[in-house]
1. Using the per-residue mean of other Cβ atoms lying within 10 Å as a proxy for protection, in what order, highest first, do the peptides 161-167, 32-38 fall?
2. So if we plug the beta-carbon distance of TYR157 and ASN67 into 1/(1 + (r/R0)^6) with R0 = 30 Å, what FRET efficiency do we get, rounded to 0.05?
Amino acid sequence: MLERRNEAARRAKRADGAETNELRLLALVEQGDKHAFAQLYRAYFPRLARFLDRMTRNPGLIEEIINDTLLVVWQKADTFNHSSRVSTWIFAIAYRKALKGIRSLDEPVESDVEESAGAAELEPDIALSMQQLQYNVAQALDALPHVQRTVVNLVYYHGMGYEEIAAIMDCPVNTVKTRMFTARTRLRDLLADQMEYSQ
């Protein structure tokens, strides 16, 4: 119990340090500091890419959305009002840009999981099982409505809490909780069906 509290305290301290650094970088960006912007860009590019990949499943669109998002950060750093974390503000911009990008495509969202292979050093049957599981999870996630998929993505792949997600998606916390509950129920059903079908 004490060890868990200590670990939670260490994580909170690291998060506070990261937030302080991001606030410092954003203040420099507001003053037109290109080096600070480059640091922020490098820090956020991979995080946003993971988030947007699960949201859009379109590699060409992902880079465009990230660049559009970070252009807004560059141009509107002075509008950050400190009512949320820097990451919440940036992810909210990316979320809105992604919604616009998805609407403009008007294409079905597809999964590219079958292209991603397991680690070469794994035994073939284990690698095949892992690849099948990844495929099943990706298919189940893709079957969710985008708002539910986004909540699952932000909770499990980005470690965000419901309040932060509510700020990103511009909705009440209870709506986020409801979307998460519905998504978990739907995922459980979809994965159970897929497991039965594959056996």
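Values quoted throughout were computed directly from the atomic coordinates according to the rules given, and no laboratory measurement underlies them. Predicted model only: the values in this text are computed from it and were never measured. Note: ideal-geometry Cβ built from the backbone for every residue, glycine included; neighbour counts use all protein chains shown.
1. 161-167, 32-38
2. Numbers: r = 21 Å, r/R0 = 0.71.
Efficiency, rounded to the nearest 0.05: 0.90.
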